[in-house]
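Colleague: Okay, here's the structure, questions in a sec.
The values are calculated or read from the model by the stated rules, or taken from the named source; none is laboratory data. Since we're looking at a predicted model, the values are computed, not measured. Note that each Cβ is placed from the backbone with ideal geometry, even for glycine, and that neighbours are counted across all protein chains shown. Ligands, DNA and RNA are stripped out before the accessible areas are found, and what is left, the full protein with its side chains, is counted by its heavy atoms. Shrake-Rupley method; radii C 1.70, N 1.55, O 1.52, S 1.80 Å.
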Amino acid sequence: VQLQASGGGLVQVGGSLGLSCAASGRTFRDYVMAWFRWAPGKEREFVAGISRGGGSTDYADSAKGRFTISRDNAKNTVYLQMHSLRPEDTAVYYCAAERFLRNTRGSSSEFNYWGQGTLVTVSS
């Protein structure tokens, strides 16, 4: 599966931003999807994950209550809606896919397919 992320940009503190990740291929529904982010000087970290059917989601503590992951299997797309953004949310955001993951949360090494990343900058 090939992934193409989009939607990043510059937003002020407290603002909202939505990311999208379009996948190629006919087996999108077979993949657990997730969003990770990578900020300068930090390790790449899990942000949110969603099950194959979309019925189960998981979030990093930093994202709970502010971010929402969703997917549309008919459109082969996964989304990340972000609200109440903070300067510490500034990072390159990556979508990731894995076919054989049992859970909706995983480390970056457990995901084999990655989008190219989209930059989110939160200004104060």
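Colleague: Add +1 for every Lys or Arg and -1 for every Asp or Glu among the other residues with Cβ under 12 Å from the Cβ of E45, and state the total.
Modeller: On the way: positive: R37, K42, R44, R105; negative: E43, D61, E88, D89.
Net charge in that neighbourhood comes out at 0.
Colleague: Among F46, G106, V78, pick out the residue whose Cα is farthest towards the positive end of the charge dipole of the chain, where Lys and Arg carry +1 and Asp and Glu carry -1 on C-beta, about the Cα centre.
Modeller: Ranked along the dipole, the leading option is V78.
Colleague: Can you grab the distance from the C-alpha centre of the stretch 4-64 to the C-alpha centre of the stretch 85-124, Å, no decimals?
Modeller: That distance is 5 Å.
Colleague: How large a share of the accessible area of the chain, in percent, is made up of carbon and sulfur atoms when the probe is 1.4 Å and the other protein chains stay in place?
Modeller: Details: 2920 of 6370 Å².
Answer for the chain: carbon and sulfur cover 46 percent of the accessible area.
Colleague: Right, something else. State the extension gain, in nm to one decimal, for the chain segment bounded by S108 and T27, taking 0.36 nm per residue of separation less the distance between their alpha-carbons. Display every interim value, and only then the final one.
Modeller: Values: separation 81, 0.36 × 81 = 29.16 nm, distance 2.10 nm.
Between S108 and T27, full extension yields an extra 27.1 nm.
Colleague: Another question, if that's okay. Would you work out if the stretch 65-124 is rounded, prolate or oblate? Take a ≥ b ≥ c from the square roots of the eigenvalues of the alpha-carbon gyration tensor; rounded if a/c is under 1.5, else prolate when a/b is larger than b/c, oblate otherwise.
Modeller: Numbers: a/c = 1.95, a/b = 1.60, b/c = 1.21.
Taking the square roots of the gyration eigenvalues as a ≥ b ≥ c, the stretch 65-124 is prolate.
Colleague: Of all beta bridges DSSP finds with both residues in the chain, what is the antiparallel percent, to the nearest 5? If you can, show how the numbers build up before the last one.
Modeller: Working: 36 of 40 bridges.
Percent antiparallel among DSSP bridges in the chain is about 90.
Colleague: Here's another thing I want to ask about it. What net charge do the residues around S20 carry, taking every other residue with its C-beta under 11 Å from that of S20, with Lys and Arg at +1 and Asp and Glu at -1?
Modeller: Working: positive: R71, K75; negative: D72.
Within the 11 Å Cβ shell, the charges total +1.
Colleague: Which value, in debye to the nearest 20, describes the size of the charge dipole of the chain about its Cα centre when Lys and Arg Cβ atoms bear +1, Asp and Glu Cβ atoms bear -1, and nothing else is charged? It would help to have the intermediate numbers written out before the result.
Modeller: On the way: 14 positive and 10 negative charges, 58 e Å.
Charge dipole, the chain, about its Cα centre: 280 debye, nearest 20.
Colleague: Another question about this same structure. About its Cα centre, what dipole magnitude does the stretch 13-86 give when the only charges are +1 on Lys and Arg Cβ and -1 on Asp and Glu Cβ, stated in debye to the nearest 20? If you can, show how the numbers build up before the last one.
Modeller: Working: 11 positive and 6 negative charges, 25 e Å.
Computed charge dipole of the stretch 13-86: roughly 120 debye.
Colleague: Can I ask one more? Along the charge dipole of the chain, pointing to its positive end and built from +1/-1 on Cβ of Lys, Arg, Asp and Glu, which listed residue (T90, Y31, S6) has its Cα farthest out?
Modeller: The listed residue farthest towards the positive side: Y31.
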